[in-house]
Amino acid sequence: MRKFADLLRREQGLTLVEMIAAITLLALVSGLVYAVMMFGLRSYHAVSTENTLRDEGDLLMSAVITELYTFAPETVTQTADGILLQRSGSTSGVNEEEIRITNGKMSIGAPSGSSGSSGSSDSSGSSGNSSAAAADLRTDITASLTADSGITLQCSNTGACDSGLIHIKLNLLKETGGKDFTLSLESRFGF
């Protein structure tokens, strides 16, 4: 024990070799700690972005399903960029709603060629024309939909269908921190 106490009382400094060895060990340990921390941060960021994309995809899917069940169409027709829902109205003739994907966004509202007089309105209270549908909170997301996203109709007849399958394919793209994150969702349901 006395020998250890004498070593502590020595007033000699460290040699150059001891200093280089200590600095090298400190640099190695610091580098390992930094690499583990950065891996953890990148993983957290990637998982967070993927969760955001999944939430936004779920929002779009539920908006389509909700629209189908609340609008209760009598017939569904395939359009160039989506589907057209039609039902007979009691006073105004035929009511129409279109669910479409254009310019990286999904919109729900009056058909794009219509003047918005179908009697439907979006959540902001304005008619469902294409400019109002873009502001629809049901489909307002931060990610964009890629060109291979789409809504297709499968039924036995060509033209208007009173029953069949609707196939939705959403490929969401979000750029975060200079990296592109993508998520693909597909769903098929009957009406």
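Each reported figure results from applying straightforward, stated rules to the coordinates on display, with no laboratory input. Predicted, not measured: the structure shown is a model, and the values here were computed from it. Cβ sites come from the backbone with ideal geometry, for glycine too, and all protein chains shown count toward neighbours.
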Checklist entry - Contour minus end-to-end for residue 29 and residue 66, with contour as 0.36 nm per residue of separation and end-to-end as the Cα-Cα distance? => result 7.8 nm
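Which of 81, 136 has the fewest other C-beta atoms within 10 Å, and how do the rest follow up to the most?
81, 136
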